[in-house]
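Colleague: Right, I'll just put the structure down here and ask away after.
The values are calculated or read from the model by the stated rules, or taken from the named source; none is laboratory data. Here the structure is a predicted model, which is why all the values come from computation and not from measurement. Don't worry about glycine lacking a Cβ; one is built from the backbone with ideal geometry, like all the others, and counts go over all protein chains shown. These area figures cover heavy atoms from the full protein model, side chains too; ligands, DNA and RNA do not enter into them. Shrake-Rupley method; radii C 1.70, N 1.55, O 1.52, S 1.80 Å.
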Amino acid sequence: MAKVEYVSIPSMKEARNRVDLCERYVDHVEVPELVKRFAVGKKFYIKTFGCQANIRDEEVMAGYLTMAGFVRTEDPRSADLAIINTCAVRENAEDKVYGEIGSFKINRTNNPQFLLCVCGCMMQEEGKAEFLEKTYPYVSLVFGTHNVHRLLAMLNDVLKKDKNIVNVLSFPGEVVEGLPSVRLNDYEAFVNISYGCDKFCTYCIVPYTRGRERSRKMEDIVAECRTLVEAGYKQITLLGQNVNSYGLDFHDGTTFAKLLAAVAELGIPRLRFLTSYPSQFTDEMIETMAKYDNIQKWLHFPVQSGSSSCLKRMGRRYTREEYLEIVARIRAKMPDIALTTDIIVGFPNETEEEFADTLSLAEEVSYSAAFTFIYSPRGGTPAARLVDGVSDETKHERFMRLVRVIEKTTGAHSAAMVGKTFDVLVEGPSKKNSKILSGYAENGKLINFAGPSYLTGCIIPVKVTESKTYSLRGELAEDPLVSKARDIAYLMSLDPILGESKRLIDALSAPEYRKLGEEYAAAKVALAKSLGNEEEHRLAKERFAAIQTKLRNDPILANESELTGPTKAALNEIKDILQ
Ligand code: SAH
Ligand code: SF4
Ligand code: F3S
């Protein structure tokens, strides 16, 4: 039997604590010598379940492991170090984890040095770590959501002590900056704006697994986003369990709308955010979304239930009427916005009337897509203690009725797109057919179309030709080489030197500069022609001198002496053209 050291195990009671205390610091990553030596020539593999919060944690863990010298592999069987990043939100998410852990037994059999780590939300639940260590003794390290940034130090402990280690913390959580990361691709990025959740919806385990809600400082978020824009990313998704309460913990007037505007101003082509809490969606938010073209006109707006009494039992802080009123305000300002949602069916003792309210709300709002879930009791949450009188059969039957309504509204939205052209951010070739690309339109709809793989990561126009309800078929609406050229021109404009000359070219091709150039040329000709006529020559010289002064005093041309290299050359070329 493998030896296990329990450094810390989670407690749901402690996880429920909300103290107004949040430690913030910058992590200065140091790779322990032992880990560095171990990593030489070794490969790591990460399998992530759950939401974007977990995906972002995967990117951070990949950052630490890459710094240590490990190389990534997508083949689990060839891995020397594997991490399974778990989700606890519903029972079926957990069932998949056990199968995954089991599949790594063979790695250990073939390679005694193989290390298996299990982390994420499920490990924050009481009893899970102990169960894993008893059932799967080849799990070398178990940690939670609060100590991802301690990954290398924990691996060092495992290697040094030659024991399995369990280290899961239940505390309000910290905000750690300076995290390394290897992002999943170079065109769309997730940026955490806050961690944790304080809403405690009665069915939900997230407030226990992710701790107290705590915001990252606005300047840190904006700096991270600026780096992404400069690196050529096309899309940023700001992440928080409830983005609308962002910054309220600073008590200084910071709001999510202000952060959103600051990020939009950076000029990222596409900006989105997840997830919104309906009753905290303010008019300031609506104004900000409407104001910036680069903020996607798509809003994920989880309702959970269409019945006020059910919402009350769920601990959601709005009624059906309030939700509909907010939706009406949003649509008044942005009539074409796409709304998507999450709905739970079969919350304990949900009545037929309550469920009928959910159906009618889904129809009334006419969601363009929805995630529907059957309620899954989560140990330690208030709803899990309720005695439920509704049978599984009824829940399944209701679930199917809801799916049919969603299918209808989703299908209607998709059908309305046929024949129109949409800007699509290309995700790459589809898994089934490498000649077919897929990408998301601004309204969050997936479109498949034939095209060359070099368009991956570009935003291109695609004409929708056919609706498949949940996805669409389309065709390229312009020559792919033109799309690619535009993408390259955009990336070049981000280069500090090339970007500056582009700005100059743009500025100097404005009508007033063209006019100035024409005036300058005309004055020069007049000067030459006036030679021989003293009076005319005097006037021509004056006109020429006046234009020269105007050019010298021009804010753009006057600064040219500060310019160097290619920018200076570009400017000279432009001046030649103007003259
Ligand atoms: N913070 C986000 C996401 C939370 S988890 C939000 O508030 O929307 C994502 C979705 O999972 C939730 O919106 C909810 O619909 C669903 N969910 C959460 N707990 C669940 C449970 N116990 N059973 C079934 N679905 C659940
Ligand atoms: Fe869970 Fe509610 Fe928090 Fe969303 S807002 S994470 S559903 S507790
Ligand atoms: Fe799952 Fe944790 Fe996200 S429970 S949904 S991975 S916050």
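Colleague: How many residues are within 16 Å of ligand 1 (Cβ to nearest atom) and of a type in the set (D, E, K, R) when one looks only at region 180-223?
Modeller: Residues in region 180-223 being within 16 Å of ligand 1 (Cβ to nearest atom) and of a type in the set (D, E, K, R): 6 in total.
Colleague: Among the residues of region 209-232, what is the count of those that are away from ligand 2 (no atom under 14 Å from the Cβ) and in a helix (DSSP H, G or I)?
Modeller: As a first pass, look at region 209-232 and keep what is away from ligand 2 (no atom under 14 Å from the Cβ): 215-232.
Filter once more, keeping what is in a helix (DSSP H, G or I): 218-230.
Looking only at that region, the number is 13.
Here is a yes/no grid of residues against (1) outside the structural domain of Lys297 (by TED's automatic domain parsing); (2) touching a strand residue (DSSP E or B) at 6+ places or on another chain (Cβ under 7 Å); (3) among the small types (Gly, Ala, Ser):
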{"position": "Pro382", "(1), (2), (3)": "no, no, no"}
{"position": "Arg385", "(1), (2), (3)": "no, no, no"}
{"position": "Asp388", "(1), (2), (3)": "no, no, no"}
{"position": "Ser391", "(1), (2), (3)": "no, no, yes"}
{"position": "Lys395", "(1), (2), (3)": "no, yes, no"}
{"position": "Val426", "(1), (2), (3)": "yes, yes, no"}
{"position": "Lys435", "(1), (2), (3)": "yes, yes, no"}
{"position": "Gly439", "(1), (2), (3)": "yes, yes, yes"}
{"position": "Asn443", "(1), (2), (3)": "yes, yes, no"}
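Colleague: For region 50-61, which positions are on the phi < 0 side of the Ramachandran plot, within 16 Å of ligand 2 (Cβ to nearest atom) and not aliphatic (A, V, I, L, M)?
Modeller: Of everything in region 50-61, those that are on the phi < 0 side of the Ramachandran plot, within 16 Å of ligand 2 (Cβ to nearest atom) and not aliphatic (A, V, I, L, M) turn out to be Cys51, Gln52, Asn54, Arg56, Asp57.
Colleague: Of all residues in region 224-270 being more than 16 Å from ligand 1 (Cβ to nearest atom) and hydroxyl-bearing (Ser, Thr, Tyr), which is surrounded by the fewest Cβ atoms within 10 Å (Cβ to Cβ)? Talk me through it step by step, then tell me what you get.
Modeller: Let us first name the residues in region 224-270 that are more than 16 Å from ligand 1 (Cβ to nearest atom), namely 224-236, 247, 249-255, 257-270.
Narrowing further to those that are hydroxyl-bearing (Ser, Thr, Tyr): 227, 233, 254-255.
Numbers: Thr227: 12, Tyr233: 22, Thr254: 16, Thr255: 19.
It comes out as Thr227.
Colleague: Check region 131-147 and report whether any residue there is within 16 Å of ligand 3 (Cβ to nearest atom), surrounded by fewer than 22 Cβ atoms within 10 Å (Cβ to Cβ) and under 29 Å from the mean Cα position of the chain (by Cα). Explain how you work it out, then say what you get.
Modeller: Narrowing region 131-147 to residues within 16 Å of ligand 3 (Cβ to nearest atom): 142-147.
From the residues that got through so far, the ones that are surrounded by fewer than 22 Cβ atoms within 10 Å (Cβ to Cβ) too are 147.
In the following step, the residues that additionally are under 29 Å from the mean Cα position of the chain (by Cα) were identified as 147.
Within region 131-147, one or more residues are within 16 Å of ligand 3 (Cβ to nearest atom), surrounded by fewer than 22 Cβ atoms within 10 Å (Cβ to Cβ) and under 29 Å from the mean Cα position of the chain (by Cα).
Colleague: When both residues are 6+ apart or on different chains and their Cβ atoms are under 7 Å apart, which pairs have a first residue that lies in region 309-320 and is more than 20 Å from Glu352 (Cβ to Cβ), and a second that is part of a helix (DSSP H, G or I) and within 13 Å of ligand 1 (Cβ to nearest atom)?
Modeller: Pairs found: Arg317/Ser279; Tyr318/Pro278; Tyr318/Ser279; Tyr318/Leu311.
Colleague: Going residue by residue through region 194-203, is there one that turns out to be of a type in the set (A, V, I, L, M, F, W, C), more than 13 Å from ligand 3 (Cβ to nearest atom) and touching a helix residue (DSSP H, G or I) at 6+ places or on another chain (Cβ under 9 Å)? Working first, answer last.
Modeller: Step one: filter region 194-203 for residues of a type in the set (A, V, I, L, M, F, W, C), giving 197, 200-201.
Those still in the list that are more than 13 Å from ligand 3 (Cβ to nearest atom) too: 200.
Among the residues that remain, those that are also touching a helix residue (DSSP H, G or I) at 6+ places or on another chain (Cβ under 9 Å) are: 200.
Yes, there is a match, as at least one residue in region 194-203 is of a type in the set (A, V, I, L, M, F, W, C), more than 13 Å from ligand 3 (Cβ to nearest atom) and touching a helix residue (DSSP H, G or I) at 6+ places or on another chain (Cβ under 9 Å).
Colleague: I've got another one for you. Counting just the residues of region 291-326 that are basic (Lys, Arg) and within 15 Å of ligand 1 (Cβ to nearest atom), which one comes out least open to solvent (accessible area, probe 1.4 Å)? Break it down into steps so the answer makes sense when it comes.
Modeller: Here is the first cut: in region 291-326, the residues basic (Lys, Arg) are 291, 297, 312-313, 316-317, 320.
Narrowing further to those that are within 15 Å of ligand 1 (Cβ to nearest atom): 313, 316-317.
Values: Arg313: 82, Arg316: 24, Arg317: 131 Å².
Ranking the qualifying residues of region 291-326, first place goes to Arg316.
Colleague: Here's another thing I want to ask about it. Select from region 1-37 the residues that are touching a residue at least 60 places away in the same chain (Cβ under 8 Å), surrounded by 12 or more Cβ atoms within 10 Å (Cβ to Cβ) and not in a loop (DSSP other than H, G, I, E, B) and list them in ascending order.
Modeller: Residues satisfying the conditions are Val4, Glu5, Tyr6, Val7, Ser8, Met12, Glu14, Ala15, Arg16, Arg24, Leu34, Val35.
Colleague: Which residues, counting only those in region 185-208, are in contact with a strand residue (DSSP E or B) (Cβ under 9 Å, 6 or more places away or on another chain) and either not in a loop (DSSP other than H, G, I, E, B) or not assigned by TED's automatic domain parsing to the domain that holds Lys234 (or both)? Walk me through it before giving the result.
Modeller: Filtering region 185-208 down to residues in contact with a strand residue (DSSP E or B) (Cβ under 9 Å, 6 or more places away or on another chain) leaves 185, 187-196, 201, 203.
Within region 185-208, Glu188, Ala189, Phe190, Val191, Asn192, Ser194, Tyr195 meet the criteria.
Colleague: Between a residue in region 78-95 that is aromatic (Phe, Trp, Tyr) and any residue that is open to solvent by less than 40 Å² (accessible area, probe 1.4 Å) and away from ligand 3 (no atom under 14 Å from the Cβ), which pairs come within a Cβ distance under 9 Å, given they are 6 or more apart or on different chains?
Modeller: Note: no pairs meet the criteria.
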